[in-house]
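Just below is one structure, and these are the notes that go with it.
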Amino acid sequence: MKTEIIAAGFGGQGVLSMGKILAYSGLMDDKEVTWMPSYGPEQRGGTANVTVILSDERISSPVLDTYDIVIALNQQSLDKFGPRVKKGGILIYDTNGIHKHPERTDIDVYPINAMDAALELGNSKAYNMIVMGALLEAMEYKIPMENVVKGLKKSLPERHHKLIPVNQQAIEKGRTLLKKK
Amino acid sequence: MEEIRLMKGNEAIAHAAIRYGCDGYFGYPITPQSEVLETLEALMPWETTGMVVVQAESEVAAINMVYGGAATGKAVMTSSSSPGVSLKQEGISYIAASSLPALILNVMRGGPGLGTIQPSQADYFQAVKGGGHGDYHLIVLAPSTVQEMADFVGLGFDLAFKYCNPSMILADGIVGQMMEKVVLPEQRPRRTDAEIREQCPWAATGREGRRKRNVVTSLELESDKMEIINNQLQAKYREIEANETRWEEIDTADADYLIISFGSVARISTKAKELAEDEGIKVGIIRPITLWPFPTEAIRKAAEGKKGILVVELNAGQMIEDVRLAVHDSLPVKHFGRMGGIIPSPSEIVTALKEKLIAQA
């Protein structure tokens, strides 16, 4: 098993922390993991992306040409990484603000509206966990939820552990959003 | 069992330093390595092991604090990124000339000048050919994983103390910022003053009833004596070359072509090797782990009977000079590099291999 994922969006949408929670969940599930961020001025806006690789074996390159799964949370990311989904791979994108939708037919495309779902939960900050729910549902490699919860615990500072149930709820909500285009 | 943790390369450096029993860290923040100082400040080792952590007023001050600490036999270190490491070069030359152990981390970013904060390997020449003035060498270790970031702290200090010579960990922004699984070493106690006096008889620890003072200096105005000091340094460098050369080889025996790269780029090259194999091109990988001493002999041997070598670096062509010296241009040696913080993808490396070597054959 090896799953190569990139998540990209605006700085502040939480792609880096979502990637971190995913990486920790994989770690708790006894996988080799690599988490590689684009780093720099993204925290102040602009685009941010994170590559997460989960594997049974030693991971070679943290830098990839193509991905099993691409998560694009804005038009720029969709344009950049949409063409880089492997044939037969998965593209999840947030339809919010998207004017040019993907047209590939050789991959599974899942449009989601994660912000509406987060607002339904009454917590816009849960946005990235909604997206993560959709991702977990789409992945062929299924990480048991108990290991995702362990991953949440590991990646959140202890003072935020009271937020774990909210995050779990968001992940579960995100799972239900996944509908093929 | 040791707990497996997920952390950034920079964080691993900080944890490993404390666990090694490091006596002092002196640094000044700069992207992409600021997490080293941040993590040390968060872990507050002065409360536990007694390790000193100082955010100095500048890079120059930090390296001179390291010089002072090293002169007393303490295990001391500093870290910075490219522009900051340039500022440290005078101090590094003094530490090398004084035959003192110290550990310096450079998490390279794109230059020249202030450049960019994105990854680079353009300080290879600076690290292995001197950087500061005079005939000296650092022991230069190039980590490619977060685990190696942690492991090379201990290795770097051990080699520094074994040879009384500064070691440098030459990392890049990728391995500094990336998170991976890491198993940290066991916590070791810091050495006691008595242990330092015993293990470092040269250290400026006070006279302690000794007849002669220990003097640590890099100044010697009499040329006859200065040449003797130089010869002693050179003899030490030959010993390090003979004993401490480290490298990794993957499938070099059956290959037609070799890709040679160091640090995180070696991992991108390993993926490129897999892609090339899908197209029927047999590639072997050599990853120098010590950039000085350079694995000259290993590369010469591995190159025998090969059709060509591609050297891949995040620079305009630096390590390629040492590769060419190793093989005496007995086969084509080509370079592929990206600069300014751009990281090549595995397929770019395969394309370069085909265009620069296979198409030319």
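All of the numbers you see were taken from the coordinates with simple rules; none came from a lab. None of these values were measured; they are calculated from a predicted model. With ideal geometry, Cβ positions are generated from the backbone for all residues, glycine too; neighbour counts draw on all protein chains shown.
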Karplus (6.51, -1.76, 1.60) ³J(HN,Hα), θ = phi - 60°, over the range A:22-39, in Hz, Gly and Pro reported as x = 4, 4, 5, 4, x, 4, 5, 8, 6, 9, 6, 9, 9, 10, 10, x, 7, 10
Karplus 3J(HN,Hα) series, Hz, for the range B:316-321 with 6.51 cos²θ - 1.76 cosθ + 1.60 (x for Gly, Pro) | 8, x, 10, 4, 3, 5
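Give me the net charge for the shell around residue B:200: Cβ to Cβ below 10 angstrom, other residues only, Lys and Arg +1, Asp and Glu -1. Walk me through the intermediate numbers first.
Details: positive: B:74, B:191, B:197; negative: B:195, B:198.
Summing Lys/Arg as +1 and Asp/Glu as -1 gives +1.
Shape verdict for the range A:1-80, please, from the Cα gyration tensor: rounded (a/c under 1.5), prolate (a/b greater than b/c) or oblate.
Working: a/c = 2.19, a/b = 1.68, b/c = 1.30.
Prolate.
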Expressed as a rounded percentage, what relative contact order does the range B:248-358 have, with Cα pairs under 8 Å and six or more residues apart?
-> 29 percent
By how many degrees, between 0 and 90 and to the nearest 10, does the Cα long axis of helix B:34-43 differ from the longest principal axis of chain B?
-> 50 degrees
Between beta-carbons, use under 12 Å as the cut-off and find the net charge around residue A:89, counting Lys and Arg +1, Asp and Glu -1.
-> -1
Amide H partners (placed H, <5 Å) of residue B:169, local residues excluded | B:104, B:105, B:106, B:141
Förster radius 35 Å - calculated FRET efficiency between residue A:75 and residue B:41 (Cβ-Cβ, nearest 0.05) = 0.30
From fewest to most C-beta neighbours within 10 Å, the residues A:57, B:355, B:321 line up as A:57, B:355, B:321
What whole number of Å gives the distance from the Cα centroid of the range B:123-165 to the Cα centroid of the range B:2-45?
-> 17 Å
Net charge near residue A:169: determine it from the other residues with C-beta under 12 Å of the C-beta of residue A:169, scoring Lys and Arg +1 and Asp and Glu -1.
-> 0
The exposure ranking of A:10, B:336, fewest beta-carbon neighbours within 10 Å first, is A:10, B:336
Name the residue, out of A:17, A:61, A:25, whose mean-square fluctuation peaks in a Gaussian network model built on chain A with Cα pairs under 10 Å.
-> A:61
Using alpha-carbon positions, the gyration tensor of the range A:2-176 gives root eigenvalues a ≥ b ≥ c; with a/c under 1.5 called rounded, otherwise prolate if a/b exceeds b/c, else oblate, the class is rounded
Hey, in the GNM for chain B with a 10 angstrom Cα cutoff, which one of B:108, B:65, B:226 fluctuates hardest?
-> B:226
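Mean separation of Cα pairs under 8 Å and 6+ residues apart, divided by the residue count of chain A: what relative contact order is that in percent?
Values: 364 pairs, mean separation 43.4, N = 181.
So the answer I get is 24 percent.
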Counting only DSSP beta bridges fully inside the protein assembly as shown, the antiparallel percentage to nearest 5 is 40 percent
Under a Gaussian network model of chain A whose springs join Cα atoms within less than 10 Å, the largest fluctuation of A:131, A:70, A:33 belongs to A:33
Under the Debye formula (equal points on every Cα, no solvent term), log10 I(q)/I(0) of the protein assembly as shown at q = 0.08, 0.12 Å⁻¹ = -0.56, -1.15
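Using Cβ contacts closer than 10 Å as the measure, can you line up A:35, B:292, B:247, B:46 from fewest to most? The partial results should precede the final answer.
Values: A:35 26, B:292 23, B:247 20, B:46 13.
Least crowded to most crowded, the residues run B:46, B:247, B:292, A:35.
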For the range B:248-358, just say rounded, prolate or oblate: build the C-alpha gyration tensor, square-root its eigenvalues into a ≥ b ≥ c, call rounded for a/c under 1.5, and beyond that prolate if a/b exceeds b/c, oblate if not.
-> rounded
How many Cβ atoms of partner chains, on average, are near each residue of B:172-185 if near means within 10 Å of its Cβ?
-> 4
